[in-house]
Amino acid sequence: MDWLINAVYYVVPFIVLLGILVFVHELGHYLMAKFTGVKVAEFSLGFGKKLWGFRDRSGTEWKLCAVPLGGYCKFLGDGDAASSTDESAELPEEDKKYAFAYQNPFKKLAIVIAGPGANYLFAILIFAGVFFFMGKVDFPAVVGDVIDGGAAQAAGVLKGDRILKVNGKTVDSFAQVRQEVELNTNPEVSLEIKRGDEIIHLSFPLKSIPLEVENNQAAGAKPMLGIQSLNVVEVTPEDVSVFEALSDASKETWRITVMTLRGVGQMITGKRSSEEVGGIIRIAEMSGDITKSSGALDFLIFMALLSINLGLINLFPIPLLDGGHVVIYLIEIFSGHELNERVKDYVFRFGLFLIVSLMLFATYNDFVRLFHRWFS
């Protein structure tokens, strides 16, 4: 019976989550293709054997396939789902004007960018909806983890403690805790903490923790509490206009993008552990944990975060990803002619190697993480 419960908590939310994000991404490609006059041959959620499908009036085959780990939008004349091969030469002359391969690079560029763009727009709409209908969303002033060797650990701060005051100032969010600590000018910082039904008062000196990168420059060390936030959001009711909600949502989406890029840069330079790289197993684990312990709002915020990450990753200049196509079409725009087919073939093979290698590495990290979770 336990396996059935775990399936409900982990497998079902993961499939729903991934299905929605992939559908949004591919819908972006589809709508831009239709707008620019390119015919879409197939729109598929999943890979492998077709489980269900239909063909619409425009000739597009809509499919639901057996392996729910992605999807694709295949245009007329494409030899494969990634648009890495071209079979449009075999099309009748009257159909070639609707084929992707026969479009100018500006149209191709628009169609390719529309997928990641749809993911970003989806995330902005989620955040805007939450801000408009519910209010301000923030991480609570609750200790999610205590850093080894930090000031908080030495003072006896524990995971799960709720911070009520910092230096006598009431705090309602983790961001306010960070702000009060940064503004601290005293030799010690004082905390008022709620632990269960007990109110605890602590005063202790901060410890300097080395900062790896700040604004793309070495940042030395900074006095900090040595705690991390809880990965659960809280809502503070607040009336905002639609414009304000969209503006705040756009700013939040940009902030998350910058933070993600900074983290990726730290991994590339070796300043952050590559063990943090996760794959589909990690996504399934996180979506299941949120389903078990949190509500619909946390799942919705998680969906927005993943949508941003999906859009951003697809813009990386890696062949086979949308970003790789963007680079190719930009080269064609500035050079005035198409790349040699043999060059494209080698580029896409290299991209496939990179993607498979990254997937294997992420899956390895996922299994190591699960092993420690189950047996430690």
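Figures for the structure shown
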read-out	value
Hey, residue 174 within 30 Å of residue 34 (Cβ to Cβ) and crowded, with 17+ Cβ neighbours inside 10 Å or not	no
Residue 306 vs. criteria within 15 Å of the chain's Cα centre (by Cα) and more than 16 Å from residue 20 (Cα to Cα)	no
Set 159, 165: member being surrounded by fewer than 16 Cβ atoms within 10 Å (Cβ to Cβ) and either in contact with an Asp or Glu (Cβ under 8 Å, 6 or more places away or on another chain) or in a strand (DSSP E or B) (or both)	159
Pair list, Cβ < 9 Å and 6+ apart or interchain, from the range 170-197 residues that are within 19 Å of residue 139 (Cβ to Cβ) and in contact (Cβ under 8 Å) with a residue 60 or more places away in the chain to residues that are of a type outside the set (Phe, Trp, Tyr) and assigned to a loop (DSSP other than H, G, I, E, B)	172/141; 173/141
Qualifying residue in the range 294-315 (condition: modelled with pLDDT under 70 and either within 30 Å of residue 134 (Cα to Cα) or in a helix (DSSP H, G or I) (or both))	yes
So residue 230, is it within 23 Å of residue 304 (Cβ to Cβ), modelled with pLDDT of 80 or more and aliphatic (A, V, I, L, M)	no
Condition met for residue 37 (modelled with pLDDT of 85 or more, over 14 Å from residue 70 (Cα atoms) and in contact with a strand residue (DSSP E or B) (Cβ under 7 Å, 6 or more places away or on another chain))	no
Sole residue being hydrophobic (A, V, I, L, M, F, W, C), at pLDDT 80 or above and either within 13 Å of the chain's Cα centre (by Cα) or surrounded by fewer than 18 Cβ atoms within 10 Å (Cβ to Cβ) (or both), chosen from 264, 258, 277, 326	258
Considering residues of the range 129-168 that are out of contact with any strand residue (DSSP E or B) (no Cβ under 9 Å at 6 or more places or on another chain) and in contact (Cβ under 8 Å) with a residue 60 or more places away in the chain only, the residue nearest to residue 236 (Cα to Cα)	132
First in the range 95-114 and of a type in the set (Asp, Glu), second anywhere and surrounded by fewer than 21 Cβ atoms within 10 Å (Cβ to Cβ) and part of a loop (DSSP other than H, G, I, E, B), Cβ under 9 Å, 6 or more apart	95/39
Residues being assigned to a loop (DSSP other than H, G, I, E, B) and more than 17 Å from residue 172 (Cα to Cα) - total across the range 135-154	4
Residue in the range 72-90 that is of a type in the set (Lys, Arg), surrounded by 19 or more Cβ atoms within 10 Å (Cβ to Cβ) and not in a helix (DSSP H, G or I) present	yes
Single residue of the range 55-104 satisfying the filter (modelled with pLDDT of 85 or more and β-branched (Val, Ile, Thr)) that is farthest from the chain's Cα centre (by Cα)	60
Matching residues, the range 168-200, being out of contact with any His (no Cβ under 9 Å at 6 or more places or on another chain), small (Gly, Ala, Ser) and part of a strand (DSSP E or B)	173
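The values are calculated or read from the model by the stated rules, or taken from the named source; none is laboratory data. Bear in mind the structure is a predicted one, so any value in this text is a computation, not a measurement. Neighbour counts are summed over all protein chains in view; Cβ atoms, including those assigned to glycine, are modelled from backbone coordinates with ideal geometry.
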